[in-house]
Amino acid sequence: MRNAVKLLGTGLLLVTLTACGSSSTGAGAPSASSASSAPPASSTGPETPTTAPTVPGTVTPTFDPPPPGTVGRPTQGIAPGDDVIAETQVDARGLPEGYPRTLTRSLDGKTVVLGAEEGGCRRVSARVGDQNAAQVVVLITVTSGTKGQMCPDYIKEISIPLTLAAPLGTRTVVLRQG
């Protein structure tokens, strides 16, 4: 009985490996003859040796780095055109735990955007307080439902734009509860 189970397991393994091996040379993958007729990748310098052997019928993933002198943009998170404000430029010591602290600025520096999460009965609002040559005060208010109140279970990311009287520059952003 044990031998029959081992034989059946080995057979299933071979069938699986055979099926996986035959799908790699399907319609989307180049055949060995088309790969050999491709022009060399680089003719400007010496070829770098490959450390892994190539197996006919397989496709090796490649990564093309951006051209020198260019900076890649993120596909998630901060929107293009916004700039993250350095943590050293933000003073959030006056905020309780759980308050939002993520700030970006527009390219012209006149708008600061507070990133926050709302959901259920939790609401976040913010406004610009005092502004002077050294700092900008941002007052943040977080409200929650009353005890015993039923709230829907969801979270959404929001952005709260805050317009400044002058570009932020090197001024410190002070976050306070308010």
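Restricting Gly115, Gly145, Gly120, Gly129 to those that are in contact with a Pro (Cβ under 6 Å, 6 or more places away or on another chain) and not polar (S, T, N, Q) reduces the list to Gly120. Within region 146-178, the set of residues being open to solvent by less than 70 Å² (accessible area, probe 1.4 Å) and hydroxyl-bearing (Ser, Thr, Tyr) comprises Thr172 only. Pick from region 96-130 the residues that are closer than 11 Å to Val84 by Cα and hydrophobic (A, V, I, L, M, F, W, C): which of them is most open to solvent (accessible area, probe 1.4 Å)? Restricting to residues being closer than 11 Å to Val84 by Cα and hydrophobic (A, V, I, L, M, F, W, C), the top hit is Leu107. For first residues located in region 156-172 and touching a residue at least 12 places away in the same chain (Cβ under 8 Å) and farther than 11 Å from Gly115 by Cβ, partners that are in a loop (DSSP other than H, G, I, E, B) and open to solvent by less than 50 Å² (accessible area, probe 1.4 Å) and lie 6+ apart or on another chain with Cβ distances below 8 Å form the pairs Leu164/Gly109; Pro167/Gly109; Leu168/Ile85; Leu168/Gly109; Gly169/Gly109.
The values are calculated or read from the model by the stated rules, or taken from the named source; none is laboratory data. Remember, it's a predicted structure, so these values are computed and weren't measured experimentally. Because the Cβ atoms are built from the backbone with ideal geometry, glycine has one as well, and the counts that use them run over all protein chains shown. We work out accessible area using only protein heavy atoms, side chains counted, and drop any ligands, DNA or RNA first. Shrake-Rupley method; radii C 1.70, N 1.55, O 1.52, S 1.80 Å.
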